[in-house]
Amino acid sequence: MTSRVGNAQPRAVAQGASSTSTHRLAANRRNALHSTGPRTASGKVTSSRNAVHHGLRALTPVVPGEREADWRAHLAAVTANLAPAGYLEECLADRVALQFWRLRRVVRYERETLALLHESAPDVVRRQREDDVNHFRPTGPMSVSDADSEVEHWREIREVLEAMPTLPDDATLAGAAVFELTMFLAQFVVPLPSELMVVLADGRSVPLDDVGLDGEPWPAAAVRLIVETIAGDLGRDYLLDAALDRALEREELAEEARDALVAEIDALRRRSILPDGPELDKLSRYEAGLERSLMRTLHELQRLQAARQGGSAPLALDVDLAVS
């Protein structure tokens, strides 16, 4: 009897242990369903860098503005081309890929820097011209849009003056154009515009500088009547001819000012094809350093591969020249 009881106790303990392990395993599996890793974008980015802590080949040189996938594809292509064997050759192949990646970054930096200089050239010229104005030196329009607006302004006045003699009486002119036209014509006569009264088609007399301010269209017949009022003893035709000559002159001057501004901006952009002296020197030194490091790494990899294959590596002389 004692023997049977003694044999039963171990079996009971074993069954209990088995049951506990089964329940624990089931609980672990249920808990695992709730462990899905990081859910937020920042958490996923952080976890994507976990491999950085597990070996040289997992290190990533990707910086903002570059893509991890591009680096991985670049690394795989360089590795496949160099065909390293063994850990040391793989490390050298990785370094070659890294140097090429950094050299490509130099090109990207240069392109983006020049693009920024190209885009900022109009603002630089505008600030220079504003500074000239502050120092009481003659200058022209501050921006190409201002210059274009000035050309368009005189072109519209010139076209109205050219069309005025032959416009049908019932043709209409925009109120803004009539206002600009009357202000321009008033420069050729006295008294000043603020003192000159014009008679409208309906018989009303209004100050000249109020004509066209309402923005409503004006019949050509009414505009011709206003022109005659402004011309007075000079005569309408004489005034229109004189005004047309002046408008043509102003339009040509505006075009010349615009062309000069565009040429100034283009000249600044051409001078900005390369960075300034200190920046260019720094960039050149950095690029030269990368190229020297790349060639030394390639030569060392070739030497190891040649030794492994029982041959001899091609002769290569790596020299660093320090220029002060």
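The values are calculated or read from the model by the stated rules, or taken from the named source; none is laboratory data. These numbers were taken from a predicted model, which means no experiment stands behind them. Neighbour counts are summed over all protein chains in view; Cβ atoms, including those assigned to glycine, are modelled from backbone coordinates with ideal geometry.
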Inset, instruction - Restricting attention to the stretch 96-115, report how many residues are of a type outside the set (Val, Ile, Thr), out of contact with any Pro (no Cβ under 8 Å at 6 or more places or on another chain) and buried (at least 19 other Cβ atoms within 10 Å of the Cβ). - result: 2
Inset, instruction - Go through Ala121, Ala115 for me and flag whichever is modelled with pLDDT of 90 or more, under 26 Å from the mean Cα position of the chain (by Cα) and part of a helix (DSSP H, G or I). - result: Ala121
Inset, instruction - Can you confirm whether the stretch 204-218 contains a residue that is basic (Lys, Arg) and either modelled with pLDDT under 80 or outside the structural domain of Val262 (by TED's automatic domain parsing) (or both)? - result: yes
Legend entry - Single residue of the stretch 284-324 satisfying the filter (closer than 21 Å to Ala85 by Cα and assigned to a loop (DSSP other than H, G, I, E, B)) that is modelled with the lowest pLDDT: Ala313
